[in-house]
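Please read the structure below before turning to the comments.
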Amino acid sequence: MSGAVVSINAGSSSIKFALFTLDTDGPRHAAAGKLEGIGTAPRLVARDADGAVLVDRSWNNGAGLTHEALLHDLFAWAGDHLPEHEIIAIGHRVVHGGMAFARPLLVDDALLTALDALSPLAPLHQPHNLAAIRAIRALAPALPQVACFDTAFHHDRADSATRFALPRALHDKGIRRYGFHGLSYEYIARTLREIDPELAGGRLIVAHLGNGASLCAMREGKSVDTTMGFTALDGLMMGTRCGNIDPGVLLHLLTQEGMSSGEIETLLYQQSGLLGVSGVSSDMRALHKSEDPHAAEAIDLFTWRAAREAGALVSSLGGLDGIVFTAGIGENDPIIRASICERLAWTGLTIDRDLNARNAPVISRPDSRIIARVIPTDEERMIAVHTLGVLPAPGGGR
Ligand code: ADP
């Protein structure tokens, strides 16, 4: 029997997972899926590496089923699906590693306590990440689990990139810019080292454009600056999040509009961004299809803001050699890429219409001063690689 590793990304009502078997040349993607509707109408869908549906299951009267009960069923399914493989470890995306945790770590009691203390910094994500770890500990206490932090890739940036212009005592308490999407950026940096080592060694902006969106400025494969800050609200306009905003607006909403902190949280995380500006949808594909002029306005603002933030990162890098697009919009949407690249033409970037329309790996023209690439991200694989790297012995074991 050979080993398998599971990557887990647990949210409030859904758990995304991917299953990797262990080949001599690293983890091999065997299946991926999602348990969604937890707390309402749970549904488990998983597909194999070719996209064929392996399981599509709903639970009758499943509203009362906990994360733990559903994870139990997920494990049972994985055991049936891969009878010749033994799950040797679970890797988790944990959104916040705070100031202390700069690399993936094997979970123990002390780590869980330390990560609980970071929950107030990411109240919408961290508690759910940790709840999944605890649920699996209850189901399989001896199974090694590894926490992989979304903040870790940005940990070693210079002080100027992490500090708000606030009194020092607040910075020392942890009120600083952390940055997120680190597992995606790390995967891109790794992949680029393999496919284009020269660019990997240069000055690069990676645009992770999905429902959540951010940019990362990298020099020699290391994060120098990024658009997300203390929380994943900062920076770019996103599907439902506002991105950077004058903090005076929040004071105004509190004192003049009489909004509660909970209402403001809902506004900033769930009702703003593409959805708020268009009034149509948070989904870029739906906005392209819509004939509502506000949809076009939302798309225009999205690319304007992305180019504006990219301009700031060019300054942080002291120039630019390349740009990489990734995640749902970055990998699949030629209109958005073209618009952002046109707004960055002053850098010497020109893209080839046909290559861009085909989502080709390189979309810049041969005479462009800046190389533009499209690289599909794979955060789950990054988690699996880290998980194997942290296990006590090669190939690990219980
Ligand atoms: P998440 O942050 O939830 O992981 P994704 O990376 O899946 O988000 O990105 C979701 C966004 O990507 C949506 O706005 C969606 O419209 C867009 N998207 C996904 N697939 C495509 C596609 N094939 N063409 C254009 N846009 C796409």
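Do you know which residues across region 159-201 are of a type outside the set (F, W, Y), part of a loop (DSSP other than H, G, I, E, B) and over 19 Å from H125 (Cβ atoms)? Residues satisfying the conditions are R163, A165, L166, P167, K173, D196, G201.
Filter region 7-16 down to the residues that are open to solvent by 10 Å² or more (accessible area, probe 1.4 Å) and modelled with pLDDT of 90 or more, then identify the one that is nearest to the chain's Cα centre (by Cα).
N9
Taken over region 342-360, the criterion of being in contact with a helix residue (DSSP H, G or I) (Cβ under 9 Å, 6 or more places away or on another chain), more than 16 Å from the ligand (Cβ to nearest atom) and either assigned to a helix (DSSP H, G or I) or open to solvent by 50 Å² or more (accessible area, probe 1.4 Å) (or both) is satisfied by E342, R343, W346, T347, T350, R353. Residues that are within 16 Å of the ligand (Cβ to nearest atom) and under 21 Å from K222 (Cα atoms) within region 295-310 comprise just one, A306. Per the conditions (1) among the β-branched types (V, I, T); (2) out of contact with any Phe, Trp or Tyr (no Cβ under 8 Å at 6 or more places or on another chain); (3) more than 29 Å from G348 (Cβ to Cβ), the sole criterion not satisfied by T240 is (2). Name the one entry in G243, G202, G212 that is open to solvent by less than 20 Å² (accessible area, probe 1.4 Å), over 24 Å from N332 (Cα atoms) and either in contact (Cβ under 8 Å) with a residue 12 or more places away in the chain or within 16 Å of the ligand (Cβ to nearest atom) (or both). Checking each option against the conditions leaves just G202.
Over 28 Å from S160 (Cα atoms), away from the ligand (no atom under 16 Å from the Cβ), out of contact with any strand residue (DSSP E or B) (no Cβ under 6 Å at 6 or more places or on another chain) and open to solvent by 10 Å² or more (accessible area, probe 1.4 Å), is that true of G389?
Spelling it out, G389 is indeed over 28 Å from S160 (Cα atoms), away from the ligand (no atom under 16 Å from the Cβ), out of contact with any strand residue (DSSP E or B) (no Cβ under 6 Å at 6 or more places or on another chain) and open to solvent by 10 Å² or more (accessible area, probe 1.4 Å).
Report yes if some residue within region 137-146 is aliphatic (A, V, I, L, M), part of a loop (DSSP other than H, G, I, E, B) and either under 25 Å from S14 (Cβ atoms) or open to solvent by less than 20 Å² (accessible area, probe 1.4 Å) (or both); otherwise report no. Scanning region 137-146, I find at least one residue that is aliphatic (A, V, I, L, M), part of a loop (DSSP other than H, G, I, E, B) and either under 25 Å from S14 (Cβ atoms) or open to solvent by less than 20 Å² (accessible area, probe 1.4 Å) (or both), so the answer is yes.
Picking from L317, L301, which residue would you name as being of a type in the set (A, V, I, L, M), surrounded by fewer than 20 Cβ atoms within 10 Å (Cβ to Cβ) and more than 28 Å from S281 (Cα to Cα)?
L317 is the lone residue from the list that is of a type in the set (A, V, I, L, M), surrounded by fewer than 20 Cβ atoms within 10 Å (Cβ to Cβ) and more than 28 Å from S281 (Cα to Cα).
The single condition among (1) without any contact (Cβ under 8 Å) to a residue 60 or more places away in the chain; (2) over 19 Å from K16 (Cα atoms); (3) touching a strand residue (DSSP E or B) at 6+ places or on another chain (Cβ under 8 Å) that R57 does not meet is (2). Elements of the type strands (runs of 3 or more DSSP E) sitting completely within region 18-71 and holding at least 3 residues that are open to solvent by 60 Å² or more (accessible area, probe 1.4 Å) and either modelled with pLDDT of 90 or more or of a type in the set (G, A, S) (or both): these cover 53-58. Taken as a whole, the condition of being over 13 Å from H288 (Cα atoms) and either within 9 Å of the ligand (Cβ to nearest atom) or surrounded by 17 or more Cβ atoms within 10 Å (Cβ to Cβ) (or both) does not apply to I329. Candidates L313, L268, L320: the one that is part of a helix (DSSP H, G or I), under 19 Å from L199 (Cα atoms) and more than 15 Å from the ligand (Cβ to nearest atom) is L313. Entry remark, region 277-294: residues being away from the ligand (no atom under 12 Å from the Cβ) and part of a helix (DSSP H, G or I) number 3 in total.
The values are calculated or read from the model by the stated rules, or taken from the named source; none is laboratory data. These figures come from a predicted structure and were not determined experimentally. Note that we place each Cβ from the backbone using ideal geometry, even for glycine, and neighbour counts take in every protein chain shown. For the accessible areas, the whole protein counts, side chains as well, though only heavy atoms, and no ligand, DNA or RNA atoms are used. Shrake-Rupley method; radii C 1.70, N 1.55, O 1.52, S 1.80 Å.
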